[in-house]
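What follows is a single structure, written as structure tokens, with notes after it.
Just so you know, all these numbers are worked out from the coordinates, no wet-lab data involved. Remember, it's a predicted structure, so these values are computed and weren't measured experimentally. Every residue, glycine among them, receives a Cβ derived from its backbone with ideal geometry; neighbour counts consider all protein chains shown.
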Amino acid sequence: MSWNPTGESIQGPQGPAGPQGPPGPGGGTGNEPLQWVDFNDQVSEPSAPADGVLRAYSAKLAGRMLLNQRGASGLRTVLQPALFENNLWLVSPNQTSSLSALGGGLTSVGTISHPAPSPACGRMANFNTNALAGITAGTGNRDVIWTRGNGSGAAGFFYAARLGFPADSYDSDGPDTGTRLFCGLTSQTMSSSVASDNPAGHYCGFFRCHSDDGAQDANWQFATKNNVTLQLQDTGLPFLPERAFDFRVFAPPHASEVFWSITDLTTEQLAEGSQTLSLPAGTVYMRAGFQMQTINPASRHIRVQRLYCESDR
């Protein structure tokens, strides 16, 4: 951490003596008020502080620098950017067959319910495909509002989702069986994001397919496509049923690289990386969400606790 004092003389009532700071660049004594504070990226999480102390620090999350705090419990909290400045969209469980949404409309498919909370997943909304072949379940933006940007104006995005997979199997077990899963951003409908092993459109997000006559991914893949070429990047993190995962995608405004991270909340195993190939075009707007397709007529379930997307303005 570094800081920059003003280096100017400030007249005011005499106060108690404080700790000596570094000399200011303007020739001050080092006792002047701070002008700003810089926090370096903490590659490893700091230890929990003593009781009665709150530890503030910065760290990258899917490539994005964010301010964090950690108390004596050891739990990390990321501080929320200003709601009145940033453009954001948040979806969370509600009750019966509805979801709560802030910042925009939804398009949902499948039957929504709210099972009892569990220690592994907390309180989540459940989506069911209802044992119909080729049917999808999930939710996403009604409108396309997120873009990488192509040089100027409002652009870039930070996507985050916490999803649960409560069933014991999502794999194929014979001809024309299995599932496809996608969570991230796409220029198409969310249902289109799992229509095949190589969906159409511009998109970036996490993809997992397991079908008898197609891909049989053991690990989550990070998928990007520029409406022409599909690029799959193996995250190295296994897809396992009866687990919950955190998914995050960060596209800095007008940049040529997209960052990602994924965490298995049961094992706390983290995988992260970035991609520069086959990125969605910077002029294309996309919707955020998640979707699952059951290839065969089986009742499949996918759950959501939080679905979030944000841009700087």
### Query
Among 217-227, 52-62, 155-165, what's the highest-first ranking by average C-beta atoms within 10 angstrom per residue?
155-165, 217-227, 52-62
### Max mean-square fluctuation residue, GNM over the chain, Cα-Cα springs under 10 Å, options Thr283, Thr186, Thr177
Thr283
### Query
For the chain, what ratio Rg/Rh do Cα atoms give with a Kirkwood hydrodynamic radius?
1.06
### Task
Please report Rg over Rh for the range 34-79, where both radii come from the alpha carbon positions and Rh follows the Kirkwood definition.
0.98
### Task
Please work out the Cα center distance from the range 132-167 to the range 240-313, rounded to the nearest Å.
7
### Summary
For the chain the mean separation of alpha carbon contacts under 8 Å (6+ apart) over residue count, i.e. relative contact order in percent, is 22
### Summary
Percent of all alpha-carbon pairs of the range 136-285 at distances over 19 Å, whole number, is 51
### Query
Taking springs between alpha-carbon atoms closer than 10 angstrom, which of Ser187, Ser256, Ser118 fluctuates most in the Gaussian network model of the chain?
Ser118
